[in-house]
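Chemist: Handing you this structure, nothing more for now.
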Amino acid sequence: MSIDLDRLRASLLPQAVSGHFVSEDGADEQELTAAAVLFPIVLREGGHTVLLTQRTAHLRDHPGQISFPGGRVEAHDATPVATALRETAEEIGLAPDHVDILGFLPEYRTGTGFRVIPVVASVRPPFALTPDPFEVAEVFEVPLTFLLDPANHQRHSLHYRGALRQYYAMPYGDYFIWGATAGMIRSLADRLGILA
């Protein structure tokens, strides 16, 4: 399964749309904090990959988890793109001039209290990264075709805040990609018609 950029761009929303969202179990039970992440697709010659981070174990939100670079919207961020690019530069040192915005996925509402705009972008190598050691334990890449393949999507559940919550996971080698990150990857696969 090969995904070209034209097909990818055509599957995405041309702008961030409020009111159009994907919601995790429990997301409707709380006030949600606005956030944005970069869904960075690296244009490798051997096949596109997705750049992911492993968060450090001491962070308050989602410690140790695999995530897209991103975070809370700050007052000076004019758009979700501004948030995603700022957070990406802060977390992993990826310069915005290597990033081309392709479009947006629907807002993703998490059971942990965030409403996240996923900003999908292509990333042109070569680029240098300087991860923030306070926030980022590791930066790594996973083939896009692996992540989009429904055969690699597992359904799991856990007890959280007194209820049984369902979530997806995509284990890759030693990495356990799950929760919101896996949910956003599923959202892209759905828009591409791969889950149908």
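Chemist: Please report the antiparallel percentage of the DSSP beta bridges confined to the chain, to the nearest 5. Walk me through the numbers on the way to the answer.
Modeler: On the way: 33 of 46 bridges.
Once the DSSP bridges in the chain are tallied, antiparallel ones form about 70 percent.
Chemist: Here is a further query. Quick one: length gained pulling D100 to S23 fully straight, 0.36 nm per residue minus the C-alpha distance? Numbers along the way, then the final one.
Modeler: Details: separation 77, 0.36 × 77 = 27.72 nm, distance 2.69 nm.
Gain on extension, D100 to S23, equals 25.0 nm.
Chemist: Assuming R0 = 22 Å, what is the FRET efficiency of E138 and R72, from their Cβ-Cβ distance, to the nearest 0.05?
Modeler: Values: r = 22 Å, r/R0 = 1.00.
The formula returns an efficiency of 0.50 here.
Chemist: Just add up the charged neighbours of P171: K/R +1, D/E -1, any other residue whose Cβ is under 15 Å from the Cβ of P171. Intermediate values should be presented prior to the final figure.
Modeler: Numbers: positive: R155, R186; negative: D149, D174.
Overall, the nearby charge balance is 0.
Chemist: What list of ³J(HN,Hα) values in whole Hz, one per residue of region 107-124 in order, does the Karplus curve 6.51 cos²θ - 1.76 cosθ + 1.60 (θ = phi - 60°) give from phi, with Gly and Pro shown as x?
Modeler: Per-residue couplings from phi come out as 3, 10, 9, 9, x, 9, x, 10, 10, 10, 8, x, 9, 8, 9, 8, 10, 9 Hz.
Chemist: While we're on this one: Quick check: from the Cα gyration tensor, does the chain come out rounded (a/c under 1.5), prolate or oblate? Present the calculation step by step, with values, prior to reporting the outcome.
Modeler: Values: a/c = 1.25, a/b = 1.13, b/c = 1.11.
Because its axes are fairly even, with a/c under 1.5, the chain counts as rounded.
Chemist: If we count every other residue with Cβ under 10 angstrom of R124's Cβ, Lys/Arg +1 and Asp/Glu -1, where does the sum land?
Modeler: -2
Chemist: If you add up the charges near L38, with Lys and Arg at +1 and Asp and Glu at -1, over every other residue whose beta carbon is less than 11 angstrom from its beta carbon, what do you get?
Modeler: Numbers: positive: R86; negative: E87, E91.
Summing Lys and Arg as +1 and Asp and Glu as -1 gives -1.
Chemist: Given an 8 Å cut-off on Cα distances and at least 6 residues of separation, report the relative contact order of the chain as a percent.
Modeler: Values: 411 pairs, mean separation 52.8, N = 196.
Taking the mean separation of contacting Cα pairs over the length of the chain, I get 27 percent.
Chemist: Using a 7 Å offset from the Cα along the Cα-to-Cβ direction at both R155 and A34, what is the distance between the two label points in nm, to one decimal?
Modeler: If labels sit at R155 and A34, their model points lie 3.5 nm apart.
Where a number appears in this text, it was derived from the coordinates with a stated rule and is not lab data. Nothing here was measured: the structure is a model prediction, and the numbers come from that model. Reconstructed Cβ throughout: ideal geometry from the backbone, glycine too, with neighbour counts over all protein chains shown.
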